[in-house]
Amino acid sequence: IYYYDGFQTRQITDNSYDDQDPSLYDGKIAWEAQNGSDWEIFYYNGNNIVQVTSNEVDEDDPSLYDGKIAYLKDDGSDFEVFYWDGVSHKRVSDNQFEDYAPSLHDGKIAWYGYDGNDNEIYYWDGNVITEVTRNNFDDLDPSLYAGTIVYSAQDGPFYQLFFWDGSTTEQVTFDNFS
């Protein structure tokens, strides 16, 4: 992992692991690394590297915000969303289907997951999970900011952008190309 701060490029990691999928916030970095037996989450706090997870199951896809990390963890049957507050780990999702692409902002998490029919967007406000979408097409790749979510969804043969303001959803693009 390398970090460019606007002036210089610094090498953060120097190991024999596969380091990938970095998430950057305020000069700090979270990433996943293949440590030989499975994937783990690591965190560079600006001074030191901290291994956030250490076990025999895969964790991946970290999203960093203000020293906290949302990530996916294999629970033995599928990947679920977890949250690390800098001290302890909390399981956020608990279902029978795969969850993907967590996006963290201010202690809240958005992600997409399979509901048995297609992929839907979910939102955790720190206490309660809300199913943001419920439809018959794939909703993917949420990006969360201040309780609002932008995501892509397949509208016919094309993907479009949608915006959720915390209560209602609005289609943002109406493109005829993907």
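The residues of the chain present an accessible area of 53 Å² per residue when probed at 1.4 Å with all protein chains retained. Per-residue extension of 0.36 nm, minus the Cα-Cα distance of residue 176 and residue 54, leaves a gain of 39.3 nm for this segment.
Starting from the alpha-carbon convex hull of the range 26-119, give the projected area averaged over all orientations, in nm². Averaged projected hull area, Cα only: 6.1 nm². Between residue 26 and residue 9, the simple label model (points 7 Å from Cα in the Cβ direction) yields a spacing of 2.7 nm. By the Stokes-Einstein formula, at 0.692 mPa s and 37 °C, the chain with its Kirkwood radius over alpha-carbon pairs has D equal to 192 µm²/s. With contacts taken as Cα pairs under 8 Å and at least 6 residues apart, the range 66-178 reaches a relative contact order of 14 percent.
Taking a straight Cα-Cα cut-off under 21 Å and skipping sequence neighbours fewer than 8 places away in the same chain, the lysines within cross-link reach of residue 73 are 90, 108. With the simple spin-label model, which puts each label point 7 Å out from Cα in the Cβ direction, the residue 135 to residue 34 separation comes to 3.6 nm.
Remark: the residue 158-residue 90 segment gains 20.9 nm on full extension, using 0.36 nm per residue and subtracting the alpha carbon distance.
The values are calculated or read from the model by the stated rules, or taken from the named source; none is laboratory data. In this text the structure is predicted, and so the values were computed from the model without any measurement. Quick reminder, even Gly has a Cβ in these numbers, built from the backbone with ideal geometry, and neighbours come from all protein chains shown. Just so you know, the surface numbers come from the protein's heavy atoms only, side chains and all, with ligands and any DNA or RNA stripped out. Shrake-Rupley method; radii C 1.70, N 1.55, O 1.52, S 1.80 Å.
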